[in-house]
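For reference, the structure discussed in these notes is given below.
Bear in mind that the values in this text are calculations on the coordinates, not laboratory data. Computed from a prediction, not measured in an experiment: that's the story for all the values here. Please note: Cβ atoms are built from the backbone with ideal geometry, for glycine as well, and neighbour counts cover all protein chains shown.
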Amino acid sequence: MDDTEAEDKFFEVHEIVVPHIGRVPITKGDFHYLPSKVKRWLAFTVEWFRPRCLYICDGSQSEADEIINKLMERGTLTKLKKLENCYLCRTDPKDVARVESKTVIASHDKYTTVPHVREGVKGILGSWMSMEDLNKEMDKRFPGCMAGRTMYVIPFSMGPLGSPLSKIGVEVTDSNYVLLCMRMMTRVSPRIWEILGDKDFVKCLHSVGCPRPVTRKVVNHWPCNPENVLIAHVPEERKVKSYGSGYGGNSLLGKKCFALRIASVIARDEGWMAEHMLIMSITTPKGKEYFVSAAFPSACGKTNLAMLNPNLPGFKIQCVGDDIAWMKFNDKGELYGINPEAGFFGVAPGTNYKTNPNAMLTFQKNSIFTNVAETADGGYYWEGLEDEVDEHIGITDWLGNEWRRGMHSKAAHPNSRFTTPASQCPIIHPKWEDPEGVPISAIIFGGRRPTGVPLVVESFNWEHGVLLGACVKSEATAAAEHVGKNIMHDPMAMRPFMGYNFGHYLQHWLDLEKPGRKMPKIFHVNWFRVDEDGKFLWPGFGDNIRVLDWILKRCDGTVDAIKSPVGYLPKKGDIDLSGLSEPVDWDQLFSLPKHYWMDDTRESRRFLEDQVGQDTPKKMWELLAKQEKEFSSMPGRQISETD
Ligand code: TSX
Ligand code: MN
């Protein structure tokens, strides 16, 4: 030990003294080493939340072991003994999903956050709260919210540590489940404090809202406060304040709250993009590698696509990320992207060795399964694993009840999740943590569109691609049985994740196109078109490589296309259909029914008028008018001259 180290040792600080509260012990970590901005913010937060003690996280394995043991003792986690270092977590059944209705963004001016909607119309592109109301709401919840509990201080990086594209956040939370998941989903490290220095960071406050002594009934050893949930963002202050829920997107604040809502605002201010997109690499049989990003609404299989097992010989897919992309043009005018996350927080039901073998292989160790069912031999179970789990084995459902196949209830909650480190994915890209990111050749939008929308279409240009993104819609999974499925707008797949006025966001996209920049081509895909009998027209999954192959050829300019009113369509024969087990009805897959499209274009215009109003960039009206005119002047019932 040299002199300076000895001095540091001497000054180790294991408690802080807070006005009106007095001494608060620090059970782990040393306050002394924290940047002064962090110290001040923590002192303020401790005075507000009144935790019993502070625990400054370092991201080490011993820390994880300690927390896991605590959670197992308490009964929140059970070990899945069939797997290595995997755990099952059952939440309070009242705390099982993101709560959009309780998610708000506060700003001084309402219209920086939400667009001008038509009078009498309820806006769906974000929910605004005034700063005054937010402060009132927070004052009802946060004072003393951590009484008797440990306040975990989690320093994390979104993106590789020290990358010019990365951003730093600090989350304080009273949930050790949140700590465990944040360790997988973000990069938690004491090096954050050094990298941070005197710079600003995104301040993330989270409490489950169950101060001690607990007066509420705690269900499943999962403290939460569902009646009072509020997930608030203050982009102007780079702050997230989340109360009452321990579940995923409500509590792992680095993910949707920071990496999408707050980051989209930072990105606008700094001239880059924070998007709800996967990033994947495709290497062709000739050995040329491309990266694409893709945005899909929920239930379109984004994670499955990100880890695709291609059905064409010679192609190789590697995964960079499955949910969020941060992308920026470099000084050569090329778009580079990183995955700001470090793990996958994927929907479990539907995942199996057929739909996503690479995800299955990823979560065989060091993973947490939330609200899935358990097999008697200590494995996981959910809907979709019928053919892969012994049909005679006993199953306990996500609520802890005995369950048998054929029962009316579901074994796993439909929103049950696996949380698993991306590094364990067998096809994770060697550059997935490259601080420079990867070069993006194409941006792909998509939706679950049972009728009318072709398998793939390429935009005429960047501006038209922005329109394709703005008009993304998808069939929502019916909330109840026998309820007609609904096609919902989810522009840019960002509807639940917008951090600011969607009209301004579209303008930001348009403004990204500058002379000297190599704009990626923009596409729209639809794996979900059905025939008259409701049968899928496209095999999907591994066969989607055939569509990606055409997309890459278009990027290279090695294949022609047919101009249609909605964009460029592939010429018959230009998508490789060799080796398919069943023939594909090309004409049905690519037809553009005239009346469907006249209605759809009008409906899209109506959507923008209602929801984005005067904030809609003029260009969007222009492009929609052109599309409407082209369809109305088309002869015949449908346009399918694709051969
Ligand atoms: O993820 C999906 N993808 C993308 C895969 C890379 N899914 C699942 C969606 C729910 C999350 C799909 N479902 C895809 C798809 O491309 N396509 C379909 C529809 C479909 C389902 C089943 C079959 C064909 C198409 N065929 C048989 O079941 C035999
Ligand atoms: Mn997502």
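In this model, which of Lys518/Lys619; Lys521/Lys629; Lys136/Lys167; Lys256/Lys302; Lys328/Lys521; Lys199/Lys241 are farther than 18 Å apart at the alpha-carbon?
Lys518/Lys619; Lys521/Lys629; Lys136/Lys167; Lys199/Lys241
What distance in nm separates the simple spin-label points at Lys37 and Glu582, each placed 7 Å from Cα in the Cβ direction?
Computed distance between label sites Lys37 and Glu582 equals 5.7 nm.
How large are Rg and Dmax for the stretch 293-393 when only the alpha carbon atoms are used, in Å?
In order Rg, Dmax, the Cα atoms of the stretch 293-393 give 16.5, 60 Å.
Using only Cα atoms, tell me the angle between helix 131-141 and the longest principal axis of the chain; keep it within 0 to 90° and round to the nearest 10.
50 degrees
Using only the alpha carbons, work out the radius of gyration and Dmax of the stretch 1-146 in angstrom.
21.7, 70
In Å and from the alpha-carbon atoms only, list the Rg and Dmax of the stretch 335-416.
14.2, 52
Between His392 and Tyr353, how high is the FRET efficiency from 1/(1 + (r/R0)^6) when r is the Cβ-Cβ distance and R₀ = 30 Å? Nearest 0.05.
Details: r = 20 Å, r/R0 = 0.65.
Working from the Cβ atoms, E equals 0.95.
About the Cα centre of the stretch 43-100, how large is the charge dipole given +1 on each Lys and Arg Cβ and -1 on each Asp and Glu Cβ? Please answer in debye to the nearest 20.
340 debye
So if each residue of separation counts as 0.36 nm, and I subtract the Cα-Cα distance between Asp599 and Ala97, what length gain in nm does that give?
177.3 nm
So what is the relative contact order of the stretch 240-396, in percent, for Cα pairs below 8 Å that sit 6 or more residues apart? Present the calculation step by step, with values, prior to reporting the outcome.
Values: 226 pairs, mean separation 26.8, N = 157.
Computed over the stretch 240-396, the figure is 17 percent.
What does the extension gain come out to for Thr558 and Leu399, with contour length at 0.36 nm per residue minus their alpha carbon separation?
Full extension from Thr558 to Leu399 adds 51.8 nm.
Kindly express, to the nearest 10 degrees and within the range 0 to 90, the angle between helix 618-632's C-alpha long axis and the longest C-alpha principal axis of the chain.
Helix 618-632 sits at roughly 40 degrees to that axis.
Per 10 Å bin, what percent of the C-alpha pairs of the stretch 430-502 does each bin hold, from zero upward?
Distribution as computed: 16, 36, 31, 14, 3 percent.
Quick check: pseudo-label points 7 Å beyond the Cα along Cα→Cβ at Asp269 and Gln61, how many nm apart are they?
Result: 3.9 nm between the two label points.
Where does the chain land at 222 nm, in deg cm²/dmol rounded to the nearest 500, when only DSSP H runs of n ≥ 4 count, each adding -39500 (n - 2.57), divided by all residues?
-7000 deg cm²/dmol
Under the Kirkwood approximation for Rh and a Cα-based Rg, what ratio Rg/Rh is obtained for the stretch 147-296? Could you put the intermediate results ahead of the total?
Working: Rg = 17.7 Å, Rh = 16.9 Å.
Here the Rg-to-Rh quotient is 1.05.
State the three equivalent ellipsoid semi-axes of the stretch 96-194, derived from the C-alpha gyration tensor as the square roots of 5 times its eigenvalues, in descending order and whole Å.
Equivalent ellipsoid of the stretch 96-194: 31, 20, 13 Å, largest first.
Run the numbers on the stretch 111-194 and let me know its relative contact order in percent, using alpha-carbon pairs under 8 Å that are six or more apart. The partial results should precede the final answer.
Numbers: 77 pairs, mean separation 19.9, N = 84.
The value is 24 percent.
For the peptides 349-356, 282-289, 223-230, what is the packing order when you average, over each peptide's residues, the other Cβ atoms within 10 Å and list the highest mean first?
On the way: 349-356: 18.4, 282-289: 13.1, 223-230: 19.9.
Ranked by mean Cβ neighbours within 10 Å, highest first: 223-230, 349-356, 282-289.
Report, to one decimal in Å, the Kirkwood hydrodynamic radius for the stretch 510-643 based on all distinct Cα pairs.
17.1 Å
Highest mean first, how do 532-545, 357-370, 323-336, 172-185 rank when packing is the count of other Cβ atoms within 10 Å averaged over residues?
Sorting 532-545, 357-370, 323-336, 172-185 by mean packing, highest first, produces 172-185, 357-370, 323-336, 532-545.
So if I take the alpha carbon set of the chain, get Rg, then get Rh from the Kirkwood formula, what is the Rg over Rh ratio?
Across the chain, the Cα-based Rg/Rh ratio is 0.97.
Nearest-5 percent of antiparallel DSSP beta bridges in the chain? Intermediate results must be reported in sequence, preceding the final value.
Values: 72 of 107 bridges.
So the antiparallel bridges in the chain amount to around 65 percent.
Over the Cα atoms of the stretch 318-462, each weighted equally, I'd like the Debye log10 I(q)/I(0) at q = 0.09, 0.19, 0.20 Å⁻¹, rounded to two decimals.
Taken in order of the listed q values, log10 I(q)/I(0) reads -0.40, -1.13, -1.18.
For Lys431 and Lys618, compute 0.36 nm times the residue count separating them, minus their Cα-Cα distance, and round to one decimal in nm.
Computed gain between Lys431 and Lys618 is 63.4 nm.
How big is the dipole moment of the chain about its Cα centre under a simple scheme where the beta carbon of each Lys and Arg is +1, that of each Asp and Glu is -1, and everything else is neutral? Debye, nearest 20, please.
On the way: 79 positive and 84 negative charges, 197 e Å.
Computed about the Cα centre, the dipole is about 940 debye.
Kindly state, to the nearest 0.05, the FRET efficiency for Ala625 paired with Asn330, given R0 = 30 Å and r defined as their beta-carbon distance.
Approximately 0.25, to the nearest 0.05.
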